[in-house]
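Visitor: Quick one: the structure is below, and I'll ask about it shortly.
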Amino acid sequence: MEERNDGGRSFERPMYEGNWTCAQCGTAITKLPFPPREGSDVYCQECYRNRPKPQRDFRR
Ligand SMILES: [Zn+2]
């Protein structure tokens with residue numbers, strides 16, 4: 001195991017590695033804290049945070 005010191009706390013949750021592009025800002029994403037769904041947009045951490053939360057809308 002390699003030790004990294006990037007100034008942050010180390011979390012024990014697993015990260016998913018791959019090559020994605022943020023659907024909003026175009027940033028390259030190599031790690032995700034969650035498994036990306038195939039066919040759906042991937043957002044970088046910042047854009048994901050700034051995304052408006054999906055609201056329930058029962059209108060049709
Ligand atoms: Zn982004």
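Visitor: Report, by residue number, each residue of the range 34-60 that is under 18 Å from M15 (Cβ atoms) and surrounded by 12 or more Cβ atoms within 10 Å (Cβ to Cβ).
Guide: Hits for the range 34-60 are P36, V42, Y43, C44, Q45, E46, C47, Y48.
Visitor: Restricting the range 25-60 to residues that are assigned to a loop (DSSP other than H, G, I, E, B) and among the polar types (S, T, N, Q), which is farthest from the ligand (Cβ to nearest atom)?
Guide: Once the filter is applied, the top-ranked residue is Q55.
Visitor: Of all residues in the range 1-40, count the ones that are at pLDDT 95 or above and at positive phi.
Guide: 1
The values are calculated or read from the model by the stated rules, or taken from the named source; none is laboratory data. Worth saying up front: this structure is predicted, and the values here are computed from it rather than measured. Every residue, glycine among them, receives a Cβ derived from its backbone with ideal geometry; neighbour counts consider all protein chains shown.
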